[in-house]
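S.K.: This structure is in structure tokens; I'll ask about it shortly.
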Amino acid sequence: MWELDRKAWLRLSVFLGLLAAVLFCCRFSVFALAADQLRQDTLRLHIRANSDSAEDQRLKLCVRDAVLKQAGPLFAESEGKAGALAAAEKSIPQIEQLAEKTLAEQGCFLPVKARVVHMYFDTTKYESFTLPAGEYDALRLEIGSGKGHNWFCVLYPGLCLPAAEGESLYPKASCQKLVENTPEVRFAALEWFEHLRENWKKGTQK
């Protein structure tokens, strides 16, 4: 009798384990699709400092402040992600000039190279929202050699703009809900998956 009960419990445990795995996979798939949509709807700002010296890191933040203050609203007010991306491409010369002028005001005359890239980011947690790992379009500014630690945030929607905080939202409510309310365990699982995909992609390109 006990042997039968033990086998029944074993079968039930296996069934419940499979059911839990299926439910997790279904939920994770929905989350992964929402994360993919969010990445498509996001334009990030990525600034690399000349070096890791305290002065170069300070100058990086000066450039950040100038770009967010003067150019940031241009992207935040764009008609969708496509409009923000077009504005970034069109504004590259002006953004480079703005960055170099900001540096010159600080007594630094390093060149600044701006370009639009498609690159991988790890999961990034900010004070009021979190962005999942994966590949994003980004406006990248490289100061001098661009060998120092970077700084990055979101140009579209304007989540990094102080004046737009709490007002600038993703077009799709599902994306906004994801960045505001997703448990960290899902972000960790997604980052693990995205790392595998990124490494596989790099391996196939060799």
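S.K.: Would you mind computing, in nm to one decimal, how far apart the modelled labels at Glu89 and Ser128 are, each placed 7 Å from Cα along Cα→Cβ?
M.R.: Those two pseudo-labels are separated by 3.2 nm.
S.K.: While we're looking at this one, here's another question. What residues qualify as long-range amide H neighbours of Leu43, i.e. H under 5 Å apart, gap of 5 or more or another chain, H built at 1.01 Å from N?
M.R.: Leu155, Tyr156
S.K.: Now for a different question. Could you order Phe109, Phe31 so the one with the most accessible surface comes first? Probe is 1.4 Å.
M.R.: Ranked list, largest accessible area first: Phe109, Phe31.
S.K.: So which of Lys81/Lys101; Lys147/Lys172; Lys101/Lys172; Lys81/Lys113; Lys113/Lys177; Lys101/Lys147 end up more than 26 Å apart by C-alpha?
M.R.: Where the Cα-Cα span goes over 26 Å, the pairs concerned are Lys81/Lys101; Lys147/Lys172; Lys101/Lys172; Lys113/Lys177.
S.K.: Right, next: To the nearest 10 square angstrom, what accessible area does Arg140 show with a 1.4 Å probe?
M.R.: Counting only protein heavy atoms, Arg140 exposes about 40 Å² to solvent.
S.K.: Spin-label point model (7 Å from Cα, Cβ direction): what's the Ser145 to Gln97 distance in nm?
M.R.: About 3.0 nm, to one decimal.
S.K.: So how much accessible area does Lys177 have, in Å² to the nearest 10, using a 1.4 Å probe?
M.R.: For Lys177, the solvent-accessible surface is approximately 130 Å².
The values are calculated or read from the model by the stated rules, or taken from the named source; none is laboratory data. Here the structure is a predicted model, which means the values were calculated and not measured. Heads up, the Cβs are rebuilt from the backbone with ideal geometry, glycines too, and the neighbour counts pull from every protein chain shown. Heads up: the accessible areas ignore ligands, DNA and RNA and are worked out on the full protein's heavy atoms, side chains in. Shrake-Rupley method; radii C 1.70, N 1.55, O 1.52, S 1.80 Å.
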